[in-house]
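The structure appears below as structure tokens.
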Amino acid sequence: MIEFTQMSRPPRAVADDHVLPFAVEALDVRGRIVRLGPVVDAILSRHDYPTHVAQVLAEAIALTALLGSSLKFDGRFTLQTKTDGPISMLVVDYSTPDRMRAYASFDAAAVETAIASGRGSPAELLGRGHLAMTVDQGSETNSYQGLVALEGEGLEEAAHGYFQQSEQIPTRVRLAVAEMLTRDPGQPPRHAWRAGGILAQFLPQSQARIRHRDLHPGDAPEGIALPSDDDDAWTEASSLVATVEDLELTDPGLGAERLLFRLFHERGVRVFEPQPIVDRCRCGRERIARLLSQFSAEDVSHMTVDGRIEVTCEFCSTRYQFDPTELQ
């Protein structure tokens, strides 16, 4: 754990593909900041998404990293949208302690039409529907799912709506995506994706900063005292997070620790051990074989083409081939 005071400077830079937890104790704020480089680039490049689709999915990946990395147990966090827009579905899956995978389902013609008509913003490409956040702690426990309506806004606004309605914890989220030109020695230049995000929450311990709300506190236990979102400390912290620019969240030359110092050095910010994020799918030949073996002989026959069954993972695009006799 490293603590920045008003007079100190960040001693090191956290590498890409890590989530960095932090706390601003003077403001009763805790949060996380994520910087994604090779991980998000690998996920997006694997599918060769159109630029606008890749940007929306990259935002969802950054948001999932911020939320999923908060799990304190072995499990999975899944973010999924289902909407009527050109991008009909996003699925991002985070498995503890560090595995991430994602894919998008979209209508290519509808995406092109929307962009050509000037309706290519992330909110317009998503359209209307809902955003689901699911926490799965394993087969022996019940899953928890929170839903928030998507009504023509982006993922940042949807996240704010979720915490306001379901958790009633004052929360501020900023997300950013960038496509950068990179050049490896001896190789032609190529475009590489980057994404970043910061999440801050007001979690006061002082009773003076807590009040009972008139509204039902969503999923919080009955009678719980919740923080006020008009507290001066939260107003200050929220305003500082709102000033973060996209470039600051995606610039490879500006480390996460230095950005936090830039935001909160007057108050003092404490950072904790960074949590790595890796690009790793949960699919596998044995897992898919077990799934296929549950189908009837008639279904297996319908899936068989030229004596083989081929399955492609939507997340990582890996292709698996099976002899139908393997499934008997």
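Every read-out reported here was derived from the displayed coordinates using simple, explicitly stated rules and does not represent laboratory data. Just so you know, these numbers come straight off a predicted model, no measurement behind them. So basically every Cβ, Gly included, is an ideal-geometry build from the backbone, and we count neighbours across all protein chains shown.
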Original post:
What does the charge dipole of the range 2-279 about its Cα centre add up to, to the nearest 20 debye, if the Cβ of each Lys and Arg holds +1 and the Cβ of each Asp and Glu holds -1?
Top reply: 520
**OP:** Calculate, in nm to one decimal, what Q164 and A116 gain on full extension: separation in residues at 0.36 nm each, minus their alpha carbon distance.
**Re:** 13.8 nm
Original post:
Taking the Cα centre of the chain as the origin and placing charges on Cβ (Lys, Arg +1; Asp, Glu -1), which of F163, Q137, P185 is farthest toward the positive end of the dipole?
Top reply: P185
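Provide the convex hull volume over Cα atoms per residue for the chain, in Å³.
180
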**OP:** Please list 94-101, 128-135, 169-176 highest first by mean number of surrounding beta-carbon atoms within 10 Å per residue.
**Re:** 169-176, 94-101, 128-135
**OP:** Would you kindly state how much longer the chain becomes between E25 and E151 on full extension, computed as 0.36 nm times their sequence separation minus their alpha carbon distance, in nm to one decimal?
**Re:** 41.8 nm
Original post:
For the Cα atoms of the chain, what angle does the longest principal axis make with the long axis of helix 38-47, in degrees from 0 to 90, nearest 10?
Top reply: 30
Subject >> Fully extended contour minus Cα-Cα distance, from F272 to D107, at 0.36 nm per residue >> reply: 55.2 nm
**OP:** Quote the relative contact order of the chain in percent (integer), defining contacts as alpha-carbon pairs under 8 Å separated by 6+ residues.
**Re:** 25
Original post:
Using the 10 angstrom Cβ neighbour count as an exposure proxy, how do R285, R32 rank, fewest first?
Top reply: R285, R32
**OP:** Quickly work out the E310-to-R190 label distance, labels modelled 7 Å from Cα along the C-beta direction, and quote it in nm with one decimal.
**Re:** 2.4
Original post:
How far apart, in nm, are the 7 Å Cα→Cβ label points at Q294 and D84?
Top reply: 3.2
Subject >> Within the chain, longest stretch free of exposed GluC sites (Glu not before Pro) [DSSP loop, at most 11 other beta carbons within 10 Å] >> reply: 1-139
Original post:
Expressed as an acute angle from 0 to 90° and rounded to the nearest 10, what is the orientation of the C-alpha long axis of helix 51-68 relative to the principal long axis of the chain?
Top reply: 60
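Projected area of the range 285-327, taken from the Cα convex hull and averaged over every viewing direction, in nm²?
Mean shadow area of the hull around the Cα atoms is 2.9 nm².
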**OP:** Provide K72, K82 in ascending order of the number of other Cβ atoms located within 10 Å of each residue's Cβ, fewest first.
**Re:** K72, K82
Subject >> Rg in Å to one decimal, and Dmax rounded to a whole Å, for the range 79-213 via C-alpha atoms >> reply: 18.6, 63
